[in-house]
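The values are calculated or read from the model by the stated rules, or taken from the named source; none is laboratory data. As the structure is a prediction and not an experimental result, all values here were calculated from the model. Don't worry about glycine lacking a Cβ; one is built from the backbone with ideal geometry, like all the others, and counts go over all protein chains shown.
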Amino acid sequence: MTQLVPSSGRHRHAGRMTAVMRAVRPRATETRLRVALVERGRVLQEALVPRGENVVIGAGEGATLWLSGIAPRKLFVATSHGWRLVLAPGDQGRLATSEGSSSLTSHELAADARGKVVVGDSILLFQVVEALPPPTPMALPRSMVDGLAIDWTTTVVAAFSFLLHFFAVTLVYSDWADPTIDDDYATASLVESTRSFPAPPLLERPRVAEETEASPKASAAPDAGATSARSGRGNGRAGGPTAPPSKEGNADARAAAIASELAAMDIETLQALGSGRATQAVFGDSEVPTALLDDAAASSRGAREAEPSGLVGLEGRGSEQLPQSDGQRRLSDLEGGTERRADAIAAGSSQAVQGPTGSAQIAGTGQSGGAIANASAVVGRMRGRFRACYQQGLAIDPEMQGSAQLVAKVGTNGEVLSVSGGGAGLGPIMGCLRAVVQSGAFAPPEGGSGLVSISVIFRSK
């Protein structure tokens, strides 16, 4: 270590930190011998020999530095104080110390010795150096040093605290401390609570207005009853008088009869108007054919250009007026009721309309991968099922038509593993088409697997 020597200039007082560093004694370190083989200014070999070991040079297995053409021998011998340089005849050496440099033959190396030795054509440089101090182990936190150790005190305290905490929570919220609920008492309480509900509003029944004028037959019955009652009271018979019928009861009975007749007429009207080619076409999803509109226009119940108003009644006349009742008690006895019922029955006849018929043609069948022997035959048998799927699609969309491209992946045993592909305008029936191909039974393909492509064209007639 270099000794600090104060400068010869003006004296300066050392600071506190400098004084502390000067007072600290340097730590004693171990010395080592550093030897290097140099050739043309390049270090070829180098060795750092610890205290107590010899330095051997030469062409041998145990040599510290390898020198070709030289028998192994000790150049530096370890002593109790360090090392001693031993030169053989013909070797030259030069030693440099703090006192100066000098030539040598054999010399004890001091703590600060360094020099050069020439052995034959090789040059060796040596120097006694202080070994680097061993690295100070890193001061790790206590939590990392004692990480694998278990703090049993803290563990036991934490375990008992959790045990007491959960025991208290369980004790508070347990159901065994709740009172027993009586089912009969709960049912009785529920029934009692329903009594406090408000009563529902009463249904209002519409009443038929009483007729202002009674028929002669209806008015004669009360008069006859009153006359017999008066005669009975005058004659003093034991049978007593007979009570006349109530006017309110007659009105209710008549209203019920009228309502029954109206309901029957409504049913007949719906049956007459709800059946027929024109009505079915109007309420259907498709458009009304022009032929049905022409038939309705030319019939006696439709419009006619010959009439000024453009409307025709039941018999080719204008709007028909209902005749006077003339004291009739039933609506079915009105004039023309029988004729209208006959017209309704005639109009209620229906005729089935046949929809479009579809056809499916297999345009082609292709194979890729392993060859399948019966691919064409299996696809040909699928034609009828393809046509059935297309017929279901025509029931949804009568104008549906197009072509579908389906690709089936056939497995080792001939089963269909998956079906892909699609077709323009055939979306509603693609699921049915894939199901048909999925159910196909092919022969085992060569090589373990194969692909079958199917092209189908759908046309409606």
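So which residues in the range 170-185 are exposed (fewer than 10 other Cβ atoms within 10 Å of the Cβ) and assigned to a helix (DSSP H, G or I), if there are any at all?
Within the range 170-185, THR170, VAL172, TYR173, ASP175, TRP176, ALA177, ASP183, ASP184, TYR185 meet the criteria.
Which residue is modelled with the lowest pLDDT, if the candidates are limited to the range 125-168 and must be outside any helix (DSSP H, G or I) and within 46 Å of the chain's Cα centre (by Cα)?
Restricting to residues being outside any helix (DSSP H, G or I) and within 46 Å of the chain's Cα centre (by Cα), the top hit is GLY147.
Can you go through ALA59, ALA110 and tell me which one is farther than 20 Å from LEU37 by Cβ and in contact with a strand residue (DSSP E or B) (Cβ under 7 Å, 6 or more places away or on another chain)? Give the derivation first.
Details: ALA59 fails: farther than 20 Å from LEU37 by Cβ.
Checking each option against the conditions leaves just ALA110.
Tell me yes or no: at least one residue of the range 129-149 is surrounded by 12 or more Cβ atoms within 10 Å (Cβ to Cβ) and on the phi > 0 side of the Ramachandran plot. Before you say what the answer is, go through the steps one by one.
Residues of the range 129-149 that are surrounded by 12 or more Cβ atoms within 10 Å (Cβ to Cβ), as a first pass: 129-131.
The next check asks that each one be on the phi > 0 side of the Ramachandran plot; those that pass are none.
Looking for residues that are surrounded by 12 or more Cβ atoms within 10 Å (Cβ to Cβ) and on the phi > 0 side of the Ramachandran plot, one finds none in the range 129-149, hence no.
Within the range 38-51, count every residue that is assigned to a loop (DSSP other than H, G, I, E, B) and touching a residue at least 24 places away in the same chain (Cβ under 8 Å).
Residues flagged as assigned to a loop (DSSP other than H, G, I, E, B) and touching a residue at least 24 places away in the same chain (Cβ under 8 Å) within the range 38-51 amount to 2.
Say we look at the range 398-416 and pick out the residues that are at pLDDT 85 or above and assigned to a loop (DSSP other than H, G, I, E, B); which of these is farthest from GLY448 (Cα to Cα)?
Of everything passing the filter in the range 398-416, GLU415 is farthest from GLY448 (Cα to Cα).
Might you let me know whether the range 417-427 holds any residue that is out of contact with any Asp or Glu (no Cβ under 9 Å at 6 or more places or on another chain), surrounded by fewer than 16 Cβ atoms within 10 Å (Cβ to Cβ) and either part of a helix (DSSP H, G or I) or not assigned by TED's automatic domain parsing to the domain that holds GLY366 (or both)?
Yes, that holds for at least one residue.
Only one of these conditions is not met by GLY425: (1) at positive phi; (2) free of Cβ contacts under 8 Å to residues at least 24 places away in the same chain. Which number is it?
Exception for GLY425: condition (2).
Scan the range 210-218 and tell me whether some residue there is in contact with a helix residue (DSSP H, G or I) (Cβ under 7 Å, 6 or more places away or on another chain), at pLDDT below 80 and not in a helix (DSSP H, G or I).
yes
Could you list, ordered by first residue, the pairs with Cβ atoms under 7 Å in which the first is in the range 139-167 and without any contact (Cβ under 8 Å) to a residue 60 or more places away in the chain and the second is surrounded by 10 or more Cβ atoms within 10 Å (Cβ to Cβ), at least 6 apart or interchain?
none
Those residues that are surrounded by 14 or more Cβ atoms within 10 Å (Cβ to Cβ) and more than 30 Å from GLN391 (Cα to Cα), I need them from the range 433-453; list them, please.
Residues satisfying the conditions are PRO444, PRO445, SER449, GLY450.
Would you pick out the residues in the range 436-461 that are under 11 Å from ASN374 (Cβ atoms) and assigned to a loop (DSSP other than H, G, I, E, B)?
Across the range 436-461, the qualifying residues are GLY440, ALA441, PHE442, ALA443, PRO444, PRO445.
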